Amino acid sequence: MLGFPLGNLLTVIGTALTLVGFYAYFVIDNATLNLAGFFYGIPLLLGGLALKSAELKPVPLARAAAEVIQLRKAQATKTQNQVRQDVTRFRYGQEAHLDVALEKLGLSPSDDERPELVALREENREGAYTLVLDFASPHVDFETWQEKQERIGRFFGPGLRAEVTQPTSDRVEVALIVTAEVPADV
């Protein structure tokens, strides 16, 4: 898994090859180097720029205590792990993190009003591994989130229940808490 944006890598390599191609063409008159620079450099440069324009940056994950990491290893469901891994890496071609999930849950009235996942943290809630999703939600009111709380738990379940809280007027936190009824490998 890359810890840096692929678009940046392709842009740098493409730029270097393109510059080598120009140098070979104008300065040293080397046709082979010139063609390699143009035929590989320009497509890589354009591909890198295209990826940069479609890039979705990772959501910051707060550093978890060692006990929470151990709890994750023992209890986290496949869904919790999938969500954590998906939103903490660079994504390409998506509008927003969890955009499909928010739409299916009825929490995304439009692209402009969609809540935005801005942070992620892991907790120990009464001995249960918990993944907390922090959304900036200025357009979807807290009452709507509360109405969807049970549905959110079922959507991300089995083996999870959801708790919705509002730390500030335009923020909503969704805690995905492991329940004891389901084995940890779910």
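The values are calculated or read from the model by the stated rules, or taken from the named source; none is laboratory data. The model shown is predicted, which means the values in this text are computed figures rather than measured ones. Ideal geometry is used to build each Cβ from the backbone, glycine not excepted, and the neighbour counts take in all protein chains shown. Surface areas here come from the heavy atoms of the whole protein model, side chains and all, with no ligands, DNA or RNA. Shrake-Rupley method; radii C 1.70, N 1.55, O 1.52, S 1.80 Å.
For the reader, a short list of remarks on this structure follows.
- Single condition SER110 does not satisfy, out of (1) surrounded by 14 or more Cβ atoms within 10 Å (Cβ to Cβ); (2) out of contact with any Pro (no Cβ under 8 Å at 6 or more places or on another chain): (1)
- Whichever residue in region 159-176 is assigned to a loop (DSSP other than H, G, I, E, B) and either out of contact with any helix residue (DSSP H, G or I) (no Cβ under 8 Å at 6 or more places or on another chain) or touching a residue at least 60 places away in the same chain (Cβ under 8 Å) (or both) and, among such residues, is least open to solvent (accessible area, probe 1.4 Å): GLY159
- Residue check, PHE156 in contact (Cβ under 8 Å) with a residue 40 or more places away in the chain and under 30 Å from ALA54 (Cβ atoms): yes
- Only residues that are in contact with a helix residue (DSSP H, G or I) (Cβ under 6 Å, 6 or more places away or on another chain) and under 25 Å from ASN81 (Cβ atoms) were counted across region 22-69, and they come to 2.
- Being open to solvent by 40 Å² or more (accessible area, probe 1.4 Å) and either of a type in the set (Asp, Glu) or touching a helix residue (DSSP H, G or I) at 6+ places or on another chain (Cβ under 6 Å) (or both) is a condition met by no residue of region 70-78.
- Checklist (1) small (Gly, Ala, Ser); (2) over 24 Å from LYS52 (Cα atoms); (3) under 13 Å from the mean Cα position of the chain (by Cα) applied to ALA76, failing item: (3)
- Failed item, numbered, when GLN70 is tested on (1) free of Cβ contacts under 8 Å to residues at least 12 places away in the same chain; (2) of a type outside the set (Val, Ile, Thr); (3) closer than 21 Å to TRP145 by Cβ: (3)
- Against the conditions (1) open to solvent by 70 Å² or more (accessible area, probe 1.4 Å); (2) of a type outside the set (A, V, I, L, M); (3) touching a residue at least 60 places away in the same chain (Cβ under 8 Å), PHE90 satisfies every one except (1).
- Taking the listed residues GLU147, GLU123, the one that is among the acidic types (Asp, Glu), more than 21 Å from ARG84 (Cα to Cα) and either loosely packed, with under 14 Cβ neighbours inside 10 Å or more than 15 Å from the chain's Cα centre (by Cα) (or both) is GLU147, with no other qualifying.
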